[in-house]
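Just so it is clear, none of the values below were taken in a lab; they were calculated from the coordinates. The structure presented is a predicted model; accordingly, all values stated were derived computationally and were not measured. Cβ sites come from the backbone with ideal geometry, for glycine too, and all protein chains shown count toward neighbours.
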There are 2 protein chains.
Amino acid sequence: MQQHTETEENYLKAIYHLSNLSISSINTSSIATSMSTSSASVTDMLKKLAEKELINYEKYKGVKITRKGEKVALNIIRKHRLWEVFLTKVLNFDWDEVHMMAEELEHVSSDELIKRLEAYLDFPKFDPHGDPIPDQTGKVEINNQMSLSKGDSGSRYTITGVGEHSSAFLKHLAKYGLKPGITVSIAEIMEFDKSMLVKVNKDKFHLSYDVSKNILVKTHGAI
Amino acid sequence: MQQHTETEENYLKAIYHLSNLSISSINTSSIATSMSTSSASVTDMLKKLAEKELINYEKYKGVKITRKGEKVALNIIRKHRLWEVFLTKVLNFDWDEVHMMAEELEHVSSDELIKRLEAYLDFPKFDPHGDPIPDQTGKVEINNQMSLSKGDSGSRYTITGVGEHSSAFLKHLAKYGLKPGITVSIAEIMEFDKSMLVKVNKDKFHLSYDVSKNILVKTHGAI
DNA sequence: TTTTATTTTTAGATTTGTCTAAATTAATTT
DNA sequence: AAATTAATTTAGACAAATCTAAAAATAAAA
């Protein structure tokens, strides 16, 4: 079952995540950007992944992940998110410190180890960033989340997750007390730069478009 | 600090362990054997490790680990043993299942992660096989253990560890109920094949030389 | 002390994942 | 529809860790 290299796994994960952002097939350069590598390297890897039937790939036509590839990706994501829960809940790391560590741990842990870790953590459904944890068979709860940047002035939203997991971004959010579970209402949206004025409890502050874009929410009360 | 490749770390670990078995310097072929690789590969790696001042190496003259190399090796051993404690004590794996998993985890865990894991485990002093866990600075308790195969007929010994960590060997010991802490007395030693008849509680059984050689003990009651 | 055997090192090839630069294909613009 | 621009793929090279086979050095035996 552990038949793929760490690099192959990382490419699959990136392709899976990109697939969830757009309906169409994924192009070479978007993968290159998200992996911080060259398009030439991506092309090489795409051939290898296609050979293993983890993706459907036609030259110049882009990439679609197969069901088989998706299962591999979801298994890695499952490991990543369970380790994040372990690091925050058991070892008391902050939620902005755990991403890179989980990035390494996800590749070295066997399915059996993860099964036991999951039981030990009492079957958590979400990681510290609000992302759902796939089960053993690759089932994920699809949480109907949207970007806060697409919200309306005057409406209230509950944060369910983030679209960016870097420590820098999360530390920034932490400064405002923003994290999954928190309720935010949009007081005003600025036309010229898409920035917004938001209210959290009694506090009011300004969020740039780059920030609000990466805050994921559900409409307050609904679904 | 995490400046060495996984392979370099594994070589260092092997060299460190071999150094503890003999007083003289280590030769190329013993490293090759313990790493299951060719002498040619070992030579290549020795040059690289010498370049980094982790070992002293002179062509055809063998290898001695430096203080710097020893510190790196001890840090990896520390991680390995703490993960073994985690896997057995927290995730309830058997002591014969954890070696390979720890072999992977030892390379991906940062010093900070290990520090927290150690605290969470309440600062254990020994791993499930009876091996001492080095502290952050690389200090290890030297337990004056000897091989059971060097024991005398009629004497009693307490098992403190094993000289071989393969699942096959440990499962074999488990069949007889042999593990660290157990007291064994030697009833008889056979001249022709160095095998021995031992007594544990009321049970009496036969151990081949290959087995007794890899059981580490201290003389009962003493030290 | 030669000769023989063993150990160690070098030389050259292979695999994985990467790169840059050049060539090819697709998309846009005029 | 032709020309230009952008995206993608190929070609060739490189670094890490490995291999086999041959050469060199050391150790053992005659």
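In the assembly of identical copies, A:N20 has its label point, taken 7 Å from Cα in the direction of the beta carbon, separated from the corresponding points by 4.4 nm (ascending, one decimal).
Mean sequence separation of contacting Cα pairs (under 8 Å, at least six apart), scaled by the length of chain B, corresponds to a relative contact order of 15 percent. Between copies, A:K213 shows label-point distances of 6.5 nm, shortest first, with the point placed 7 angstrom from Cα along Cα to C-beta.
For the stretch A:173-185, 3J(HN,Hα) computed residue by residue from phi via the Karplus equation (6.51, -1.76, 1.60; θ = phi - 60°) reads 4, 4, 4, 8, x, 8, 6, x, x, 6, 9, 10, 10 Hz, glycine and proline entered as x.
Between A:S167 and A:I142, 0.36 nm times their residue separation minus their Cα-Cα distance comes to what? It would help to have the intermediate numbers written out before the result.
Numbers: separation 25, 0.36 × 25 = 9.00 nm, distance 2.47 nm.
Gain on extension, A:S167 to A:I142, equals 6.5 nm.
Restricting the stretch A:165-200 to trypsin sites (Lys or Arg not before Pro) that sit in a DSSP loop and have at most 15 other Cβ atoms within 10 Å of their own Cβ leaves A:K194. For A:F126, the residues whose modelled amide H falls within less than 5 Å of its own, excluding neighbours fewer than 5 places apart on the same chain, are A:I133.
Does chain B come out rounded, prolate or oblate, given a ≥ b ≥ c as the square roots of the eigenvalues of its C-alpha gyration tensor, rounded meaning a/c under 1.5 and, failing that, prolate meaning a/b above b/c? Note, shape of chain B comes out oblate. Candidates A:I215, B:Y120, B:L207 compared by Cα position along the dipole of the protein assembly as shown: farthest toward the positive end lies B:Y120, with charges placed on Cβ. Dividing the Cα radius of gyration by the Kirkwood radius, what Rg/Rh value follows for the stretch B:6-65? Taking Rh as the inverse mean 1/r over Cα pairs, Rg/Rh reads 0.90. What shape does the protein assembly as shown take by its C-alpha gyration tensor, where a ≥ b ≥ c are the square roots of the eigenvalues and a/c under 1.5 counts as rounded, a/b above b/c as prolate, and the rest as oblate? It is prolate, given that a/c is not under 1.5 and a/b is the larger ratio. May I ask for the angle, rounded to the nearest 10°, between helix B:6-19 and the longest principal axis of chain B, with both axes built from Cα atoms and the value confined to 0 to 90°? Helix B:6-19 and the main axis of chain B meet at about 50 degrees. Pairs from the list A:K171/B:K125; A:K13/A:K47; A:K52/A:K139; B:K13/B:K213 with a Cα-Cα gap above 26 Å: A:K171/B:K125. Note on A:K175 and A:Y209: the model spin-label points, each 7 Å out from Cα along the C-beta direction, lie 2.1 nm apart. Relative contact order of the stretch B:36-108, taken over Cα pairs closer than 8 Å and 6 or more residues apart, is 20 percent.
In the assembly of identical copies, A:K59 has its label point, taken 7 Å from Cα in the direction of the beta carbon, separated from the corresponding points by 4.9 nm (ascending, one decimal).
Where chain B is carried onto chain A by rotation, the Cβ closest to that axis, with its residue and distance in Å, is B:V108, 3.
Per the Debye formula on identical point scatterers at the alpha carbon atoms of the stretch B:45-139, with no solvent, log10 I(q)/I(0) at q = 0.18, 0.23 Å⁻¹ is -0.81, -1.08. Is the shape of the stretch B:146-219 best called rounded, prolate or oblate, per the rule: a/c under 1.5 gives rounded, else a/b larger than b/c gives prolate, else oblate, with a ≥ b ≥ c the square roots of the Cα gyration tensor eigenvalues? Note, shape of the stretch B:146-219 comes out rounded.
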